[in-house]
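Contents: one structure, followed by commentary.
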Amino acid sequence: MDIIKNPRKRDGEQQLGVLYDGGKVRRRREWRGFKDTFFDYTRWLYLVSVLGKFIMNPYNVKGFFRYRWMANYLGVMHGMDKFTIGLRDEALRITHYSFNYVIADVTQSIVNCFRGDRRIRNDEEFSKHCVLTDENAMTAQMMGFKAEEARAILREVPTMFAANIFNQNSVIHYIDVAQQYGIPGDVCPMPESEAGISIDDDFCVLGSCAVQVNTTCDGSMMGNGLIAKRLEREYGIPTFQLTAPLRHREEDVQKYAAEDMKKAIAFIEEHTGAKWDWDTYFQRAKNVNDCTRKRMAQLDINATPYPQFFGAAFSLYNDTNYMGNCGRDPYFVKLDKKLLKLAEKGYREKRMYAREYRHRCIVWGVQPQYIIDMLYWMLQCWGVVPLTDMLSMVNTRMIAEEDTPENREQAYYDMAWLNENMIMRNRTHGGYEVLVDELWEFCEQMNADMVMMWEHMSCKALDGMHGQFEEQARERGIHLVWVCHDLCDPRVYSRQAIRDQFNSYMRTVMREEPLDPTIEVLPDENAW
Amino acid sequence: MSKLKKIPLMLLGAGGAFFVVTFTIYFFNLDMKLTSKLEPFFLKHYDTMPRKQYV
Ligand code: SF4
C-alpha cells in the first residue's frame with residue numbers, strides 16, 4: 001500500500017521508549033500536549049473515583065483480603081495506560097470512554113459477586129436470583145429475564161479474564177495449582193487457570209444455579225467439568241450444559257440449538273423462580289441490533305484511510321458489549337452512539353495516530369492482545385494500523401425485534417445463533433470458510449495488505465489451518481506475519497519474545513526501519 | 001476584605017492545591033508506584049491463607 005504521511009505533528013512525546021524503565025509500572029505518564037494530557041488526567045480522576053467508591057464498601061475490602069485475584073486490580077490504571085499509548089484526539093477519547101466503561105462494568109460485577117458470595121456478604125435473597133454464567137457465553141439466554149428476578153453473574157470475568165488485562169502474571173499461581181493436580185502443561189492457559197481457580201477454591205460462591213457452555217473448545221470443557229463438579233457436589237449449585245453445535249453455519253443444526261436454548265431458559269426459570277418476559281426480550285433484541293449496526297459503522301470507518309476505533313480497546317469493548325451485556329444494559333446503546341459520533345468526527349478531520357501509516361493490517365487468530373499493548377505498539381513502532389481483529393468480526397445478522405407469535409419462536413433460533421456465534425468461536429469453529437475464506441474477504445473490504453496471525457501454541461482450534469493460511473496469503477499477495485504466544489502464560493512467550501517475531505518480519509521481509517526505534521525492544525518483562 | 005469575599009479565593013486556592021497534588025500523582029505515576037509496592041504484601045497474605053484444594 002502507499003504510505004500515508006500524517007501532515008500534523010503529534011503534540012507532546014515523540015519517542016515513547018522514555019516511559020519504560022524495566023519496573024513493574026511505567027516511569028511516568030505520557031505527555032500528550034496540554035489538551036490531551038489534561039483529558040487523560042480527568043479520566044484518571046474518574047477512575048480514581050470509581051475505585052475509591054468500590055473500596056469504601058467494607059464487603060469489598062473483605063473480598064480483597066479473601067481472594068488472590070483481587071490483587072491484580074492494584075494495576076487498573078496501568079492497564080489503562082497500556083491501551084492509550086501514543087494516542088491523541090478522538091482515538092484517545094474513544095479508547096477512554098469505551099475502556100472506562102468496561103472497567104466500571106467489571107467493578108460492578110465484582111460488587112455483585114461479593115454481595116451474593118457465601119463467604120463475603122452472603123445476601124441470600126440476592127443470591128437466589130443469580131445465575132452463574134460461563135464467561136465464554138453470549139448470555140443470550142438471559143435476555144428475557146429482568147435483572148432483579150434472574151441476574152447473570154460471570155464470575156470468571158473479574159477472576160480470570162479482566163484481571164489478566166491489568167497484570168500479565170495474574171493467572172500463573174492458578175496454572176501451577178492446576179498442574180500440581182495433574183493437568184498437563186500444554187493445555188491452553190485460559191481453561192487451565194480457570195480450573196486452577198476452582199481447585200484453589202478461589203471463585204466466589206453464589207447463585208441458585210449455573211449455566212456452562214461448550215463454546216470455546218475441548219480445553220474449556222475440561223475446565224468446566226472440574227468447575228461443575230465442585231459447584232454441584234460441594235456447593236449444591238446445579239449446572240446446565242448449553243451445547244452449541246460446532247458447524248454453526250449449517251441449517252440442519254439450528255433446530256437442535258434452539259431446543260437446547262429453550263431447555264436452558266426452563267432450567268433458569270425452575271431454579272430462580274423467574275419468569276421469562278417477552279417485552280424485556282424484544283427490547284434487548286433491539287439493543288443487540290443497535291450495537292451490531294454501530295459496530296458495522298465503526299468498521300466502515302476503519303475501512304477508509306482514517307481508522308478511529310481500533311486496537312485492544314475495540315476488541316475488548318465488542319467482547320463486553322456482545323457477551324457480558326448482550327442487550328441487557330441500556331447504557332451501551334448511548335455509549336455506542338457517543339463513540340460513533342467521535343469516530344465520525346475523527347474521520348472527517350482525517351485524524352491519524354502515528355507519523356505515517358505504512359501497512360493496513362487485520363489481526364487474526366486467538367489473541368493475547370489484552371495482556372500486551374501489541375496493537376498500539378505495532379502502530380507506534382512500525383506504522384502498521386490494526387484495522388480490526390478476529391474477535392470484533394462477530395455477528396452481523398439482525399435478530400427479530402418485534403413481538404409477534406412467529407418472532408417468539410424465531411427468538412429461540414436467534415438466541416441460539418448468538419450463542420453459536422460467540423466471539424472467537426464463530427471463527428475458530430465452523431470450518432475453514434469462517435476462519436480462512438472470510439479472512440480474505442475482510443482483507444478486501446478493509447483494504448488490508450497485511451495480516452498479523454496470532455498463533456496460540458496451546459490452541460488446537462487453529463493449528464490445523466496453518467498451511468492453508470500460508471498458501472492462500474501467498475496467492476493473494478498478502479503479508480502474513482505469524483506471531484506465536486501462549487496466551488496468559490508469559491513464562492512461555494514473554495512480551496519481547498512476542499514483539500521480536502514482528503520485529504524480525506518487518507526488518508527481514510519488509511526491509512523497513514521502525515518509526516520509533518526507542519520501542520522496538522522494551523524492558524517490560526517485569527511489568528504488570 | 002470581608003469573610004464573604006474571601007470564600008471564592010479560598011475555593012480557588014483549594015481547587016488549585018487539589019489540581020497540583022493530584023496532577024503530580026498522575027503525571028509521575030505515583031499511584032501505580034505505590035500500589036506496585038503493596039502487591040508483595042498481599043501475595044504473602046494469600047500464600048498463608050488455608051485453602052481447601054479439591055479436584
Ligand atoms: S484459546 Fe483455543 S484452546 Fe484456549 S479456550 Fe480458546 S479455543 Fe480453547
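The values are calculated or read from the model by the stated rules, or taken from the named source; none is laboratory data. Predicted, not measured: the structure shown is a model, and the values here were computed from it. Using ideal geometry, Cβ is built from the backbone for each residue, glycine included, and neighbour counts are taken over all protein chains shown.
For segment A:483-512, enumerate the residues that are of a type outside the set (A, V, I, L, M) and within 16 Å of the ligand (Cβ to nearest atom).
Across segment A:483-512, the qualifying residues are A:C484, A:H485, A:D486, A:C488, A:D489, A:P490, A:Y493.
Could you tell me whether B:P8 is out of contact with any helix residue (DSSP H, G or I) (no Cβ under 9 Å at 6 or more places or on another chain) and within 11 Å of another protein chain (Cβ to nearest Cβ)?
The answer is no for B:P8.
Identify all residues within segment A:168-194 that are of a type outside the set (F, W, Y), part of a loop (DSSP other than H, G, I, E, B) and either more than 16 Å from the ligand (Cβ to nearest atom) or in contact (Cβ under 8 Å) with a residue 40 or more places away in the chain (or both); write none if there are none.
Passing the criteria: A:Q168, A:N169, A:S170, A:V171, A:G182, A:D186, A:V187, A:C188.
Just one of A:A228, A:A258 is more than 14 Å from every other protein chain (Cβ to nearest Cβ), at negative phi and either more than 14 Å from the ligand (Cβ to nearest atom) or at pLDDT below 95 (or both); which is it?
After applying the criteria, what remains is A:A258.
With the requirement that a residue be at the interface with another protein chain (Cβ under 9 Å from one of its Cβ atoms) and at negative phi, what does segment A:184-214 give you?
A:A195, A:S198, A:I199, A:D200, A:D202
What pairs come out if I take residues in segment A:60-73 that are within 12 Å of chain B (Cβ to nearest Cβ) and pair them with residues that are among the acidic types (D, E) whose C-beta lies under 8 Å away, six or more apart or interchain?
Correct list of pairs: A:Y67/A:D202; A:R68/A:D200; A:R68/A:D202; A:W69/A:D202; A:A71/B:E39.
Can you list residue pairs whose Cβ atoms sit under 6 Å apart, with the first residue in segment A:468-482 being under 13 Å from A:C443 (Cα atoms) and the second being of a type in the set (V, I, T)? Count only pairs 6 or more apart in sequence or on different chains.
Correct list of pairs: A:I478/A:V451; A:L480/A:V451.
Considering only residues that are part of a helix (DSSP H, G or I) and touching an Asp or Glu at 6+ places or on another chain (Cβ under 8 Å), look in segment A:473-498 and name the one that is surrounded by the most Cβ atoms within 10 Å (Cβ to Cβ).
Result: A:R495.
Just to check your reading of the model, which residue among A:Q168, A:Q179 is within 14 Å of another protein chain (Cβ to nearest Cβ), of a type outside the set (S, T, Y) and either surrounded by fewer than 21 Cβ atoms within 10 Å (Cβ to Cβ) or closer than 18 Å to A:S109 by Cβ (or both)?
Residue meeting the stated conditions: A:Q179.
Which of the following residues is among the hydrophobic types (A, V, I, L, M, F, W, C), facing chain A (nearest Cβ under 7 Å) and over 17 Å from the mean Cα position of the chain (by Cα): B:F42, B:F27?
B:F42
Mind checking which residues of segment A:18-38 are surrounded by 17 or more Cβ atoms within 10 Å (Cβ to Cβ) and outside any loop (DSSP other than H, G, I, E, B)?
Scanning segment A:18-38 gives A:L19, A:D36, A:T37.
Scan segment A:374-387 and give yes if some residue there is closer than 27 Å to A:T243 by Cα and touching a residue at least 60 places away in the same chain (Cβ under 8 Å), otherwise no.
Taking every residue of segment A:374-387 in turn, none turns out to be closer than 27 Å to A:T243 by Cα and touching a residue at least 60 places away in the same chain (Cβ under 8 Å).
I need the helices (runs of 4 or more DSSP H) fully contained in segment A:258-353, keeping only those with at least 3 residues that are of a type in the set (D, E).
So the answer is A:278-302.
Of all residues in segment A:440-466, which are more than 16 Å from the ligand (Cβ to nearest atom), under 22 Å from A:G383 (Cβ atoms) and in contact (Cβ under 8 Å) with a residue 24 or more places away in the chain?
Selection gives A:F442, A:C443, A:Q445, A:M446, A:N447, A:A448, A:D449, A:M450, A:V451, A:M452.
Go through A:A147, A:A137, A:A91 for me and flag whichever is assigned to a loop (DSSP other than H, G, I, E, B) and buried (at least 23 other Cβ atoms within 10 Å of the Cβ).
Unique residue meeting the criteria: A:A137.
Quick check on A:S193: is it out of contact with any Cys (no Cβ under 7 Å at 6 or more places or on another chain) and buried (at least 22 other Cβ atoms within 10 Å of the Cβ)?
The answer is no for A:S193.
What's the total number of residues in segment B:46-55 that are at the interface with another protein chain (Cβ under 7 Å from one of its Cβ atoms) and assigned to a helix (DSSP H, G or I)?
Number of matching residues: 1.
Is it true that some residue in segment A:43-63 is of a type in the set (G, A, S), surrounded by fewer than 19 Cβ atoms within 10 Å (Cβ to Cβ) and not in a strand (DSSP E or B)?
Yes, there is a match, as at least one residue in segment A:43-63 is of a type in the set (G, A, S), surrounded by fewer than 19 Cβ atoms within 10 Å (Cβ to Cβ) and not in a strand (DSSP E or B).
With B:S36, B:S2 as the choices, which residue is away from chain A (no Cβ under 12 Å) and at negative phi?
B:S2
Only residues that are away from the ligand (no atom under 13 Å from the Cβ) and either under 30 Å from A:V25 (Cβ atoms) or part of a helix (DSSP H, G or I) (or both): list them for segment A:202-221, please.
A:D202, A:F203, A:C204, listed by residue number.
Return the only residue of A:N112, A:N122, A:N100 being surrounded by fewer than 24 Cβ atoms within 10 Å (Cβ to Cβ), part of a loop (DSSP other than H, G, I, E, B) and either within 14 Å of chain B (Cβ to nearest Cβ) or out of contact with any Phe, Trp or Tyr (no Cβ under 6 Å at 6 or more places or on another chain) (or both).
From the options A:N112, A:N122, A:N100, the qualifying one is A:N122.
Looking at this structure, is A:F145 farther than 20 Å from A:V50 by Cα, among the aromatic types (F, W, Y) and either within 16 Å of the ligand (Cβ to nearest atom) or away from chain B (no Cβ under 14 Å) (or both)?
yes
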